[in-house]
1. Please give every one of the aspartates and glutamates within straight-line cross-link reach of Lys314, meaning a C-alpha to C-alpha distance under 19 Å, and leave out same-chain neighbours fewer than 8 residues apart.
2. Net charge around Val163, counting only other residues with Cβ within less than 10 Å of its Cβ (Lys, Arg = +1; Asp, Glu = -1)?
3. With each run of n ≥ 4 DSSP H residues scored as -39500 (n - 2.57), what mean residue ellipticity at 222 nm is computed for the chain after dividing by its residue count and rounding to the nearest 500 deg cm²/dmol?
4. With each pseudo-label sitting 7 Å past Cα toward Cβ, what's the Val338-Asp439 distance in nm, one decimal?
5. Find how many whole Å separate the alpha carbon centroid of region 69-125 from the alpha carbon centroid of region 224-284.
6. Here are a few candidate values for percent of Cα pairs over 37 Å apart: [x] 25; [y] 50; [z] 19. Which one was actually calculated from the structure I just gave you?
7. Test of understanding: what is the full-extension gain from Ala145 to Glu300, defined as 0.36 nm times their sequence separation minus their Cα-Cα distance?
8. Using a 1.4 Å probe over the heavy atoms of the protein chains, calculate the carbon and sulfur portion of the accessible area of the chain as a whole percent.
Amino acid sequence: MSVTAFTPATEERFALARQVADAVLFEGYVLYPYRASAAKNRLRWQFGVLVPPAWGAECEEHDFQHTECLMEPKAGATLSVELRFLHARRRVVQRARPDGGFDTVPELRLDDRVLVPWDEGAEEHVEVVAAVDELLGDGVTVPFARPAREETEPVLDATGRTVGRLVRRCEEISGAVRLSARELDGPYRAMRLTAVVENTSTWMPPEGRAADREAALPYSLVAAHLLMGLSVGSFLSMTDPPEWAKGAIAACRNLHTWPVLAGEPGRADLVLSSPIILDDHPAIAPESPGALYDATEIDEILALRTAALTDEEKREARGTDARAAAVIDLADSMPPEVLERLHGAVRSLRDVTGPGPANPVGAAGPGFPDEYGVRQPDTPWWDPASDAGFDPAQDRVVVDGRSLGAGSRVLLRPGLRRTDAQDLFLQGRSAKVEAVLHDVDGGVHLAVTVEGDPGADIRREQGRFLYFQPDEVAPLEDEA
């Protein structure tokens, strides 16, 4: 077993997966609108945070990740593992004094940016290479540590004069990567691989008072995730395993992380174990011009909203963080043709790779393609003539033995379905049914306005209703 740099061949295989892993590493690192003063940035470091054990016992966050997956290594195979995480470092802003000293200040204003105190993320990684045979039995344990350190960076104005400095401090952190494997019973030469990442920091909360999350973060492994690759052999998909492996896959324990196949599509020799749930072979959208660091990021709208920030807001964003400054510069410099490429991208359609059907294009009859080569279903997904039998203003639906329609009063119970977190604010509110609607799949929906809502009349005029299914409401007595 060795803790060493990867071979060039391993580096090449990991390179593609790291594009997605970088998105995991920096997911939510600095959220739109990218300014330290923004309320949205009050809670950062949201994914894969492994806190010190002494503080993890007092909160709902964890001090470890536990990954299990199945692999089919070939004889002589080695396993290469890369742990990646961010190390939070505190940045303090200081202004220069005439006597050569420095004073800590809440902000330092320059022509192009406003510098403020901020927690930055320094990328860290631990590489482990072990023969698969070494993982049998007790396996291998690789401890690691990063020392406390302090760095200073001078701040210069437009003339090159020193007007202040940034002081960055990192606290000591330590952890361990534990790898083990066990052969499965049966005719298949498969193994269950277990990979555990632990925060082993001895940091203790200040005595006499409860420590908050901000105090624990400098000693935490932030956005921790693993890349694991076999030199020869393959991993099994956790979501689409072969029939013989489904029972063994179901028995795998994955705590605070989830392993998926990564790297080039069609290959299965690399796994990304991520604190964010992903599909097999995740990839960065080819239209994306750069990282925007926002969960569920939608490149087009974030680019537009970032470009619309005021000059003062952009100055603050540039002074908040180097990555935030890069986002501002990206949005300001994005050509129209790049922005247009972000609009309306569709990735759910299959590519046509084989020869066309024997039937001529445009041939009549069910199942034959139309003039664009799109195969038609035997029955249409929606027949406009079928709408003739529905009238939202007159239709009714039976709920708890009561017939409900436009004008009926109901009690909202959205908690039963929990499809929208905001619906929970409507739990127990009374509402008026405005229409009974039917969708193309045969579902029934009640369009309602909430009683007591001062904007109900406007919503009614504009047809902007709230929608609930029949099992999410209970009938109330109609007002006389």
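The values are calculated or read from the model by the stated rules, or taken from the named source; none is laboratory data. Every value quoted in this text rests on a predicted model; they were computed, and no experiment measured them. Every residue, glycine among them, receives a Cβ derived from its backbone with ideal geometry; neighbour counts consider all protein chains shown. Just the protein is used for accessible areas: all its heavy atoms, side chains included, with ligands, DNA and RNA removed. Shrake-Rupley method; radii C 1.70, N 1.55, O 1.52, S 1.80 Å.
1. Straight-line reach from Lys314, under 19 Å: Glu107, Asp111, Asp112, Asp119, Glu120, Asp157, Asp294, Asp299, Glu300, Asp329, Asp332.
2. +3
3. -4500 deg cm²/dmol
4. A separation of 3.7 nm, rounded to one decimal place.
5. 29 Å
6. [y]
7. Between Ala145 and Glu300, full extension yields 51.8 nm more.
8. 52 percent
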